[in-house]
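The numbers here are math on the coordinates, done by the rules we state, and not lab data. In this text, all values refer to a predicted model and were calculated from it rather than measured experimentally. Cβ placement follows ideal geometry from the backbone for every residue including glycine, while neighbour counts extend to all protein chains displayed.
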Amino acid sequence: MLPEIFITILQIISTFYLTIVLLRFLLQLAKADFYNPISQFVVKATNPPLRILRKVIPSLGPVDGASLVLAILVQMVAFLLILTALTQGLPGINPLTLLTWSVITVLGLIVKIYFWSVIAVVVVSWIAPGSQHPAIQLIAQITEPVMRPVRKVMPSLGGLDLSPIVVFLILNVISVMINHMAAAAGLGSIGVAL
């Protein structure tokens, strides 16, 4: 019972921090407003470890390599702690397997962030169009890099924007592929849901 409680708490904390790190990555990718109060929180929460990683890992244009590496490292440590709790000792796991599981989990979380962000943008456009709330503005900025290419291909039909539907389909296909990669890598065997 105690290991299950520890694992649950660890999963919640690690997923929360991992989401913040990935938001930092996505905010930089989208060139979002870093003066937004939520952006400021994300920057302050991720700066200490990123300062260290940025000395070794440079950015590649808009892609912040240090944030991605930090996300993978956070997930690797979480998996290691979960496996240690499950086996009640240091697990004899291949580091490459641990890395593979972490990369797959990070990719899955990025897809989930985009999925729920697109849903939020669609719902807000119906109930509060033109809202100036900082969270709504930030979510719209995060989703823009995935929505823009679809909007270029699919023009709006009489003021109706169908691009979110196409983005949902694409994100669902990617999610299915990630779930298959997770199953092939044996990720489901430790009881972690993507």
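If you plug the beta carbon distance of A128 and I5 into 1/(1 + (r/R0)^6) with R0 = 41 Å, you get a FRET efficiency near 0.55.
What is the helix-to-structure angle for 134-153, meaning the angle in degrees between its Cα long axis and the longest Cα principal axis of the chain, kept from 0 to 90 and rounded to the nearest 10? Tilt relative to the chain: about 70 degrees. The T87 and A185 beta-carbon pair, evaluated with R₀ = 30 Å, returns a calculated FRET efficiency of approximately 0.95. Helix 95-127 versus the longest principal axis of the chain: what is the Cα-based angle in degrees, 0 to 90, to the nearest 10? It is inclined by approximately 30 degrees.
The distance linking segment 114-152 with segment 1-72 is 21 Å (Cα centroid to Cα centroid, whole angstrom).
Set against the labelled values [x] 13.0; [y] 17.3; [z] 11.3, mean projected area of the Cα convex hull in nm² computed from this structure falls on [x]. The stretch between M154 and I170, if pulled fully straight at 0.36 nm per residue, gains 4.4 nm over its current Cα-Cα span. Rounded to the nearest 10 degrees, the inclination of helix 37-54 to the longest alpha-carbon principal axis of the chain is 40 degrees.
Under a Gaussian network description of the chain, with springs only between Cα atoms under 10 Å, the residue in A78, A32, A183 that fluctuates furthest is A183.
In order along segment 17-24, the Karplus-derived 3J(HN,Hα) couplings, from 6.51 cos²θ - 1.76 cosθ + 1.60 at θ = phi - 60°, round to 5, 4, 5, 5, 4, 5, 4, 4 Hz, and Gly and Pro are given as x.
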